[in-house]
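So the structure is just underneath, and the comments pick up after that.
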Amino acid sequence: MKKIAIYGKGGIGKSTTTSNLSAALAVSGLRVMQIGCDPKADSTKTLMSGKVIPTVLDSIKAKREDLKLEHIVHLGFGGVLCVEAGGPTPGVGCAGRGIISAFEKLEELKAFQVHRPDVVIYDVLGDVVCGGFAMPLRGGYAEEVYIVTSGEMMSLYAATNISHAVSQFSVRGYAKLSGLILNAKGVEDETALVAKAAREIGTEIIHCVPRHPLVQKAENNGQTVLEAFPDSDISRVYSDLAAKVLTSTRISQAI
């Protein structure tokens, strides 16, 4: 089983990239599980026809001892297994702790053993990499980390901070940084700026996703471009990203 964490600054297009990557992997015939690790719980929305699914935390509160795997794992486009960790009410509690609780519940219910995904993708908010938000980096959850960034200054700043956090964990034998995904925003000399940042943190751009109007059009319909516009150029861009991610390292042993 291949285990991947995708980080990036909020608003950079991380969840859009992740969902289209999941869709591309699923269309290629793989069984994919995408786990949203953001209190907004909107990571899997375009895989679920625009529907926001119940979060693990909300389901724990509502179902208590009656909670079952089917309450928190939902089937999306292409058979992608969709999970949203969720978080506390804004201003109350720790969102990072919510991720930890969600992970513990997934393990308790043996989500990976039951569904046996080929690929698990954790979509993680990367503005802060502490506590629960660093959970996918340790404990055997993710083995590879990709950072989504643009050429915007704050996005690159966040990417640098995330890379430092990943380095701290990789020296302990946990997840390693596999590269940057450039999600272009039309910044002047954007590719050169991101390539320079990549060199400075000891990695490379593994793929470039250009700005494309069909991405927003698909999202407005509650879909990935793989579902809404399967024959488009931008769908092929995500399919190429999926191929690169698959060949980056060998598929690991199941949990």
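Couple of notes before you dig in:
- Across all directions, the average projected area of the convex hull around the alpha carbons of the chain is 12.6 nm².
- Here the relative contact order of segment 2-246, from alpha carbon pairs under 8 Å that lie six or more residues apart, stands at 26 percent.
- At least 24 Å along the helix axis (C-alpha) and Kyte average at least -1.0, DSSP helices within the chain: 153-170
- Packing, taken as the mean count of other beta carbons within 10 Å per residue, orders the peptides 228-237, 178-187 from highest to lowest as 178-187, 228-237.
- 222 nm mean residue ellipticity, helices alone, for the chain (DSSP H n ≥ 4; -39,500 (n - 2.57); rounded to 500): -11500 deg cm²/dmol
- Listed by chain and number, the lysines placed with their C-alpha closer than 30 angstrom to that of LYS9 are LYS40, LYS45, LYS51, LYS61, LYS105, LYS176, LYS185, LYS196, LYS217, LYS244; residues fewer than eight positions away on the same chain are left out.
- Dipole orientation for the chain: of the candidates ILE181, ALA26, VAL56, VAL56 has the Cα lying most toward the positive pole (charges on Cβ; Lys, Arg +1; Asp, Glu -1).
- DSSP beta bridges confined to the chain are antiparallel in about 5 percent of cases.
- Taking a ≥ b ≥ c as the square roots of the Cα gyration tensor eigenvalues, segment 130-255 comes out oblate, since a/c reaches at least 1.5 and a/b does not exceed b/c.
- Database remark: amide H of LYS2 closer than 5 angstrom to the amide H of VAL119, VAL120, SER252 (H placed geometrically; neighbours at sequence offset of 5 or more, or on other chains; Pro and chain starts carry no H).
- Cα gyration tensor, segment 13-90 - rounded (a/c under 1.5), prolate or oblate: oblate
- Average Cα contact separation per residue, segment 146-255, under 8 Å, 6 or more apart, as relative contact order %: 22 percent
- Net charge dipole size for the chain [Lys, Arg +1 and Asp, Glu -1 on Cβ; Debye, nearest 20]: 460 debye
Just so you know, all these numbers are worked out from the coordinates, no wet-lab data involved. None of the values given here were measured: they were computed from a predicted structure. For neighbour counting, all protein chains shown are included, and Cβ atoms are generated from backbone atoms with ideal geometry for every residue, glycine included.
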